[in-house]
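Inspection log for the structure reproduced underneath, given as structure tokens.
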Amino acid sequence: MPITHITFVSSNEEKFREIRDGLTSCGVEVERLALDVPEIQSLDPVQVAAHKARAAYDMLDTQAVLVEDTGLAVVAWKGFPGALIKWVLGAVGEEGLCRQLDAWDDRRAVATVVLCLYDGQELHTFTGQATGTITREPRGTYGFGWDSIFQPDGYDITYGEMPREAKMTISMRARALAALREFLLAQR
């Protein structure tokens, strides 16, 4: 039976807009619910998202839940902070993270978004990645999270300097969303 309704569990309105807009062509209704879901601590966003999806589904009476987890793996730090990026930014902010990296020559990073769709029986995982560098200081006012410090490979601007429409053509969320959209359309 095709999925016709998805509850996207997130307190982030900007993420919701990106998800909702990316799924308009699927004929799936997407609503957002801010729900405090227990989050395991891991560098791997796949593990975190899978755990959150199952926990959110258990808390709700819905057809399917969709959760997202994001990771920013700094190459010089052997993948840290990964899925713990939210906590690092909460402690030191974007500018603090940039300054901490000043001790290393290698500023490369891999940005990952994992979308987990869970219907109570099957867990479907969709991953998107982008490679780039962490800038020396925050740049830009668009986006959220660490968009102002991540400059994707092949560009001389950060995600924070790109309007949402431009970012959603190249971002890791756009890639994960494309895989989810393909999956939902194949079910029809």
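The values are calculated or read from the model by the stated rules, or taken from the named source; none is laboratory data. Please read these numbers as outputs of a predicted model, since none were measured by experiment. Ideal geometry is used to build each Cβ from the backbone, glycine not excepted, and the neighbour counts take in all protein chains shown.
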Conditions (1) buried (at least 20 other Cβ atoms within 10 Å of the Cβ); (2) free of Cβ contacts under 8 Å to residues at least 60 places away in the same chain; number of the one not met by Val113:
(2)
Any idea which residue in region 156-188 is farthest from Leu23 (Cα to Cα), counting only those that are without any contact (Cβ under 8 Å) to a residue 12 or more places away in the chain and either assigned to a loop (DSSP other than H, G, I, E, B) or in contact with a Leu (Cβ under 9 Å, 6 or more places away or on another chain) (or both)?
Asp156
Going through region 1-19 one residue at a time, which ones are assigned to a strand (DSSP E or B), in contact with an Asp or Glu (Cβ under 8 Å, 6 or more places away or on another chain) and either among the β-branched types (Val, Ile, Thr) or surrounded by fewer than 20 Cβ atoms within 10 Å (Cβ to Cβ) (or both)?
His5, Ile6, Thr7
From the list Thr7, Thr24, which residue is hydroxyl-bearing (Ser, Thr, Tyr), within 21 Å of Gly128 (Cα to Cα), at pLDDT 90 or above and out of contact with any Phe, Trp or Tyr (no Cβ under 7 Å at 6 or more places or on another chain)?
Thr7
Single residue of region 141-159 satisfying the filter (over 15 Å from the mean Cα position of the chain (by Cα) and at pLDDT below 95) that is surrounded by the fewest Cβ atoms within 10 Å (Cβ to Cβ)
Thr141
Do any residues in region 76-102 that are closer than 17 Å to Gly140 by Cβ have Cβ atoms under 7 Å from those of residues that are acidic (Asp, Glu), where the two are at least six apart or on different chains, and which pairs are they?
Glu95/Glu137; Cys98/Glu137
